[in-house]
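The values are calculated or read from the model by the stated rules, or taken from the named source; none is laboratory data. None of the values given here were measured: they were computed from a predicted structure. Neighbour counts run over all protein chains shown; Cβ positions are idealised from the backbone, glycine included. When the accessible area is computed, the model is the full protein with side chains, heavy atoms only, and any ligands, DNA or RNA have been set aside. Shrake-Rupley method; radii C 1.70, N 1.55, O 1.52, S 1.80 Å.
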Amino acid sequence: MNDISSSALHDPLAGQPHQIVERDGVRYTLLGTAHVSRTSVETVQAAIASGDYDTVAIELDAGRLQALTDPDALAKLDLVKVIREGKTHLFAANLALAAYQRRLAEQLDVEPGAELKAAALDARERNLPLHLIDREVGLTFKRALSRLGWWGRAKIGAGIMMAMFADEEVGDDEIEKLKHGDMLESSFGEFAAESPALYESIIAERDRYMAARLRESVTHASGAREVLAVIGAGHLQGMAEHLRSDVEAPATVRAALESVPEKSKVPWFTIALAAFLVGGFAWGFYRGGVDVGADLIVQWVLATGLLGALGCAIAGGHPLSILAAFISSPLTPLHPALASGTVSAFVEAALRKPTHADFMALRDDVQTVRGWWKNRVARILLNFFLTSLGTAIGVWTGGLRMLGKLVG
């Protein structure tokens with residue numbers, strides 16, 4: 001632990017952004033920090049060392065805390081399970097966030113979120129109750145994506161891929177924003193700025209969520225009297241306002257903000273596309289006989305299957321993964337469970353299961369183009385994205401060719 005001067009111990013929050021809210025017998029001190037500042041780390045350490053607080057809360061969820069404090073957390077991941085549960089996009093988003101943090105750490109010589117890590121370690125060292133008040137990052141992205149249309153989700157997917165490939169320095173404007181903002185907002189700031197729905201999920205909702213988690217988990221009944229909540233400076237005003245004024249039961253607020261709006265139970269797009277395909281094949285058999293109908297089916301299979309398989313092959317997929325992509329691509333529009341990217345990535349992960357070394361080298365390997373094909377984890381992600389892209393192009397190509405034949 002760093003040596004802390006007596007003056008800092010006397011008034012550790014002097015000159016630092018913070019707000020104090022007293023409610024229901026508990027005094028909450030909200031300390032706004034910069035996620036890339038050594039001063040913030042020292043301030044947090046001084047505040048906890050002062051002995052003025054009996055409870056500590058931090059802007060993290062369990063997964064992000066583990067990633068900060070356990071170097072082997074990534075290596076313990078079951079990638080096959082991630083793909084089976086349809087969480088490939090969320091894994092890629094977490095990887096993009098990690099890559100962004102890695103670039104910041106190398107550029108600024110300070111670990112992003114170091115003040116949150118310091119708060120957690122110092123609280124544990126002093127046997128102070130530690131509360132994780134942020135929403136699980138996967139839920140945040142699910143709620144954000146649920147508010148976007150297909151074009152918005154496509155832009156987010158492209159942005160995630162670009163973030164994982166990027167190796168240029170983070171701009172001064174971004175760093176300055178991060179000093180006064182939020183890690184998730186800065187990582188995907190371009191999209192948040194363009195999309196009110198995304199901003200609502202990533203920033204505004206989390207202000208209310210974290211205020212509710214504080215009220216729910218850190219109470220007078222639990223023995224807490226003086227609580228230090230370490231949060232990004234961008235959340236300071238919003239959290240303080242919610243902590244003062246919200247009257248709805250915190251458990252109710254939390255439940256509402258953890259739910260993901262259900263998609264329509266009627267998959268209209270899938271039904272329409274399936275109807276177009278089946279109707280087109282039937283019309284071909286009816287108007288032109290077996291030759292025309294069979295030709296339409298063959299052209300559809302080749303357009304979607306070959307392009308899906310090509311995407312898998314470009315990703316360096318195993319021959320059986322390429323075969324799986326070819327077989328599943330023509331069926332992808334008919335049911336989400338048959339999505340070619342998921343199927344081929346699952347086969348790839350099962351046949352070429354990533355090793356502990358692959359996970360440990362992942363953050364370094366994704367910084368180079370060659371590393372994406374060398375690392376098995378990265379190659380599985382490439383498999384998922386490129387197979388999906390190839391199939392999507394094949395669906396449009398095959399659909400347009402079919403329409404042209406039917407109209408002609």
Query raised in the report: Hey, among G15, G51, which residue is outside any helix (DSSP H, G or I), modelled with pLDDT of 90 or more and at positive phi?
Result: G51
Report task. Could you tell me which residue of the range 305-333 is modelled with the lowest pLDDT, considering only residues that are open to solvent by 30 Å² or more (accessible area, probe 1.4 Å) and either among the aromatic types (F, W, Y) or under 27 Å from the mean Cα position of the chain (by Cα) (or both)? Result -> T332
Requested in this report: Name the helices (runs of 4 or more DSSP H) wholly inside the range 250-350 in which the number of residues that are touching a residue at least 12 places away in the same chain (Cβ under 8 Å) and either of a type in the set (S, T, N, Q) or under 24 Å from R401 (Cβ atoms) (or both) is 3 or more.
Outcome: 268-314, 319-328
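Condition check ((1) among the charged types (D, E, K, R); (2) modelled with pLDDT under 90) across all residues:
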| site | (1), (2) |
| --- | --- |
| A8 | no, yes |
| Q19 | no, no |
| Y28 | no, no |
| S37 | no, yes |
| Q66 | no, yes |
| K76 | yes, yes |
| K81 | yes, yes |
| A93 | no, yes |
| A99 | no, yes |
